[in-house]
1. Can you tell me the alpha carbon radius of gyration of the stretch 89-135 divided by the globular rule-of-thumb value 2.2 N^0.38 Å?
2. Which whole-number value in Å² is the accessible area per residue of the chain, probe 1.4 Å?
3. Output wanted: per-residue J couplings in Hz (rounded whole) for the stretch 89-99, from phi through Karplus 6.51 cos²θ - 1.76 cosθ + 1.60, θ = phi - 60°, x for Gly and Pro.
4. If Lys and Arg each add +1 and Asp and Glu each add -1, what is the summed charge of the other residues whose beta carbon sits under 14 Å from the beta carbon of residue 126?
5. Indicate the gyration tensor shape class of the stretch 6-71 (rounded, prolate or oblate), computed on the Cα atoms with a ≥ b ≥ c the square roots of the eigenvalues: a/c under 1.5 is rounded; otherwise a/b larger than b/c is prolate and the rest oblate.
6. Using Cα centres only, tell me the gap between the stretch 34-102 and the stretch 10-33 in whole Å.
7. What cysteines in the chain have no other cysteine with a beta carbon less than 4.7 Å from their beta carbon?
8. Which of the lysines could be linked to residue 126 by a straight reach, that is with a Cα gap under 23 Å, when you skip same-chain ones fewer than 8 residues away?
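The values are calculated or read from the model by the stated rules, or taken from the named source; none is laboratory data. Keep in mind that this is a model prediction, so the values were computed, not measured. Cβ sites come from the backbone with ideal geometry, for glycine too, and all protein chains shown count toward neighbours. When the accessible area is computed, the model is the full protein with side chains, heavy atoms only, and any ligands, DNA or RNA have been set aside. Shrake-Rupley method; radii C 1.70, N 1.55, O 1.52, S 1.80 Å.
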Amino acid sequence: MQKQCKCGDSMSLHLRTVIFSNKVEIENVPIYSCDSCSSSEVIPEVKPELTGLIGGLGTNPSKQQLYFNEYNELAHLMCAVSQKDQVHIPVQKILEDRINQLLDLLLLANSLNDEAWIADVQNRLKQVTRHATYDLKTLGP
Ligand SMILES: [Zn+2]
């Protein structure tokens, strides 16, 4: 998961805190950053969810801390694979476990006829499968 910076050097992937309006701290946002020129950018794959999250805060948000990994499955998976007690577990296994967990949730949501919950779980499953081919082990510290 590497990307070329406009300065010509390669950018690496990290989980970083994004601060919005000087008030809202959004933790664990996957960001490409360049060590040579210190430019950085949110990875395109999570931009729709991050934009949606920020859009939902309104124009005058209160001081708060959010965890992007609770809203976005790619960020969730990156957190999972970068956790020290999980580094020995293959990424494929972490992905499969998450998919099984989400399928269980989907069954539960279906049995409760909770439309909003069903839609949320389906969206998460889509995010996981969309990113299932990523080499998450390239995540930097
Ligand atoms: Zn650069």
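1. Compactness ratio reported: 1.22.
2. Numbers: 8210 Å² over 141 residues.
Ligands and nucleic acids excluded, the figure is 58 Å² per residue.
3. Each residue of the stretch 89-99 in turn: 8, x, 4, 4, 5, 4, 4, 4, 4, 5, 4 Hz.
4. On the way: positive: 98, 124, 130; negative: 45, 49, 73, 120.
Once all neighbours under 14 Å are counted, the net charge is -1.
5. It is prolate, given that a/c is not under 1.5 and a/b is the larger ratio.
6. 9 Å
7. 79
8. Hits, sequence-local ones excluded: 47, 93, 137.
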